[in-house]
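Read the structure below first, then the notes.
Just so it is clear, none of the values below were taken in a lab; they were calculated from the coordinates. Owing to the predicted nature of the structure, the values given are computational and were not obtained by experimental measurement.
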Amino acid sequence: MVSHQIEMREILQPQDDTEALLLRHVTHQPVHIDELRRSAQLPISAVSSALAVMDLKGLIKQVGVMHYIRVREAV
């Protein structure tokens, strides 16, 4: 059980600079992907792929058409 908890902590951490940067811009209020791209100053392809991975991890959630919110804090 402890090893699973350690693995989950590693998964729930931003895995790269793109994820960490986007996580700073995603709040508990819905924000559109275009606004995230502008505020993070990243290519849309990098933003889109990072958001998809972060959604799978459960860090963020898509709540509307290309709108995202933060679900939990990184541990």
task = With θ set to phi - 60°, apply the Karplus curve 6.51 cos²θ - 1.76 cosθ + 1.60 along the stretch 43-49 and write out the HN-Hα couplings as whole Hz, x wherever there is a Gly or Pro.
result = x, 4, 5, 5, 5, 4, 5
note = Given backbone amide H placed at 1.01 Å from N, residues whose amide H is under 5 Å from that of residue 63, ignoring those fewer than 5 places away on the same chain, are 68, 69
